[in-house]
Amino acid sequence: MQTFFIGFFGLAAVVFAVGVFRTSSMMRSALALLFSQTALGALFLAMQAEFLGVLQIMMMATEMSIMAIFMVMFMMDPGGLGGMDMSHQKRLSLLAGLGGVVLVTGIAAYTQWEGLASATEAAAADEQIRQLGRELLGRSMLVFETAGITILTAMIAATAVAVKVPEQGGSHES
Amino acid sequence: MNPELLLALLTGAALFGVGLYGVLSQTNLVMLMMGIELILAGALVNLVAFWRFLHAESYAGQMFVLIVMTVMALEMAVGFAVATARFRTRGSVEMEEARELKG
């Protein structure tokens with residue numbers, strides 16, 4: 001049953017991901033990406049990572065809504081009614097994408113994963129959250145805190161880049 | 001080999017490939033960011049699969065997933081800031097028109 005759901009949600013995620021670049025409507029692209037990421041969240045749930053699955057669905061729903069708003073702001077034709085092509089070097093990109101898939105699939109298929117496995121039974125959801133909390137506030141605390149500082153830095157950087165610089169010059173300069 | 005692990009890794013590989021295609025083929029900054037999101041999503045699937053099917057007892061695997069999710073959010077925040085600045089100064093977020101950024 002788990003194999004079926006992993007395959008089903010994995011396939012859904014890939015199909016919607018392909019759909020992102022197969023439409024000239026940016027709104028449809030954003031929605032396809034939202035569905036792809038939601039399918040990934042469901043895939044995490046199928047892999048018994050309950051906390052990460054719910055987090056993925058919540059985060060991506062918010063992120064893609066913001067993305068859709070920015071698209072309407074920045075695009076002349078967010079609905080894609082004009083059928084404008086927004087791509088270049090398609091053949092090279094396709095070759096690189098296919099090459100990437102073949103390479104990563106080859107590595108995944110030919111690695112002896114059995115020798116690397118140490119435990120294959122996941123704990124119950126409440127125990128997982130308890131253990132993750134202990135991990136975050138114990139051994140991995142420095143990494144966790146670094147992520148927090150990085151978010152703060154990115155917020156300041158994003159505000160500094162996006163804020164409108166007051167125009168200088170005019171009558172004062174001359 | 002564990003079939004569930006293989007399925008998850010294949011999903012990750014496919015998402016990586018689609019994302020790479022998007023990053024290289026799209027001319028719009030927002031669409032380009034969607035490609036980066038897909039590449040990172042491929043990494044996320046792999047990390048969760050490695051945690052679940054190889055090291056389910058170690059929660060450092062889930063910790064890595066949280067870090068990649070943070071990177072995804074930061075990429076969006078900084079990317080949209082650049083897009084806003086670009087749109088304000090040039091009136092467009094088309095990367096074909098940003099050749100002056102080339103070193």
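What's the average, rounded to a whole number, of partner chain beta-carbon atoms within 10 Å of each residue's beta-carbon in A:105-116?
4
Can you list the residues, at least 5 places off or on another chain, whose amide H is less than 5 Å from the amide H of A:A119, using H built in the peptide plane?
Counting only residues 5 or more places away or on other chains, the set is B:H55, B:A56, B:E57.
Can you tell which of A:A147, A:A125, A:A109 shows the greatest fluctuation in a Gaussian network model of chain A with Cα springs below 10 Å?
A:A109
Please turn the phi angles of the range A:129-141 into ³J(HN,Hα) values with the Karplus equation 6.51 cos²θ - 1.76 cosθ + 1.60 (θ = phi - 60°), one per residue in order, whole Hz, x for glycine and proline.
Using θ = phi - 60°, the values come out as 5, 4, 5, 5, x, 5, 5, 5, 9, x, 4, 9, 4 Hz.
Using a Förster radius of 41 Å, what is the FRET efficiency between A:L55 and A:E167 based on their Cβ-Cβ separation? Nearest 0.05, please.
FRET efficiency, A:L55 to A:E167: 0.45.
When you look at the Cβ of every residue in B:71-77, what mean number of other chain Cβ atoms sits within 10 Å?
For this peptide, the per-residue mean of nearby foreign Cβ atoms is 6.
Would you calculate the separation in nanometres between label points at B:E75 and A:L103, each defined as 7 Å from the Cα along the Cα-to-beta-carbon direction?
So the two model labels end up 1.6 nm from each other.
Let's test the formula: R0 of 22 Å, r as the Cβ-Cβ distance of A:Q112 and A:T3. What FRET efficiency results, to the nearest 0.05?
Once rounded, the FRET efficiency stands at 0.60.
For peptide A:45-51, compute the average count of partner chain beta-carbon atoms within 10 Å of each residue's beta-carbon.
Counting other chains' Cβ atoms within 10 Å and averaging over A:45-51 gives 4.
Considering amide H positions built from the backbone, and no H for Pro or chain starts, which residues 5 or more places from A:S87, or on another chain, come under 5 Å of its amide H?
Excluding prolines and chain starts, which carry no amide H, the hits are B:T27.
Considering only B:V93, B:V78, B:V23, give the residue with the highest GNM mean-square fluctuation for chain B, with springs between Cα atoms whenever their separation is below 10 Å.
Greatest mean-square fluctuation among the candidates belongs to B:V78.
Springs between alpha-carbon atoms under 10 Å, Gaussian network over chain A: tell me which of A:L136, A:L11, A:L31 tops the mean-square fluctuations.
Sorting by GNM fluctuation, first place goes to A:L136.
Each reported figure results from applying straightforward, stated rules to the coordinates on display, with no laboratory input. This one's a predicted model, so the numbers in the text were calculated from it and none came from an experiment. Every residue, glycine among them, receives a Cβ derived from its backbone with ideal geometry; neighbour counts consider all protein chains shown.
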